[in-house]
Amino acid sequence: MPRALINRLGRGCVVCALAWILASAAPATFRLSGRVSGASGKKVVYVALWQADGFLQTPVHQIRIEPGAPLVFQFDVPAGRWALSAFEDRNGNGVLDMGWFGPKEPSGFWRAFSGHHTPRFDEVASQVERDTANANITLK
């Protein structure tokens, strides 16, 4: 920055301007957290964070909650459309097992889904624009 401009604005204004530029350049992130209910507490529970690209194929992030641990989760995400899912891994193979009529293990989404087809992202996603502490998932 030219020295004349610094002298004219004062050093305090320059620092404020630089802080504003840096803050506006960084994308805002929001905390997405909640609880899982409906699990037995005796098996591992997985909670997955999804975006439209890779939905039900590759989660953006997945956490593992051990048996007996509090069934709570949190993810830090930028603003946008996000989906959350969870399942209780009854057979310990690390994947949600599917049968002819849907999941064989207790599972659910943050935005409840009921249907006789594989859910589409838009059916279970929600817009996140602020911290959300009640992104709860009920396993069925």
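Of note, Val124 does not satisfy the criterion of being over 16 Å from Leu56 (Cβ atoms), among the aliphatic types (A, V, I, L, M) and buried (at least 19 other Cβ atoms within 10 Å of the Cβ).
In this entry, Val95 passes the filter for residues that are more than 13 Å from Val36 (Cβ to Cβ), free of Cβ contacts under 8 Å to residues at least 60 places away in the same chain and among the β-branched types (Val, Ile, Thr).
State whether the residues of the stretch 132-140 include one that is free of Cβ contacts under 8 Å to residues at least 60 places away in the same chain, on the phi < 0 side of the Ramachandran plot and outside any loop (DSSP other than H, G, I, E, B). No, the stretch 132-140 contains no residue that is free of Cβ contacts under 8 Å to residues at least 60 places away in the same chain, on the phi < 0 side of the Ramachandran plot and outside any loop (DSSP other than H, G, I, E, B). For the stretch 94-117, check the following and say yes or no: at least one residue is loosely packed, with under 11 Cβ neighbours inside 10 Å and modelled with pLDDT of 95 or more. So far as the stretch 94-117 goes, yes, one or more of its residues are loosely packed, with under 11 Cβ neighbours inside 10 Å and modelled with pLDDT of 95 or more. Taken over the stretch 106-118, residues that are assigned to a loop (DSSP other than H, G, I, E, B), in contact (Cβ under 8 Å) with a residue 12 or more places away in the chain and within 21 Å of the chain's Cα centre (by Cα) amount to 5.
Taking the stretch 57-92 as the range and being out of contact with any Asp or Glu (no Cβ under 6 Å at 6 or more places or on another chain), more than 15 Å from Ile137 (Cβ to Cβ) and assigned to a loop (DSSP other than H, G, I, E, B) as the test, the residues that pass are Gln57, Thr58, Val60, Glu66, Pro67, Gly68, Ala69, Asn91, Gly92.
The values are calculated or read from the model by the stated rules, or taken from the named source; none is laboratory data. Everything quoted here is computed from the prediction, not taken from an experiment. Using ideal geometry, Cβ is built from the backbone for each residue, glycine included, and neighbour counts are taken over all protein chains shown.
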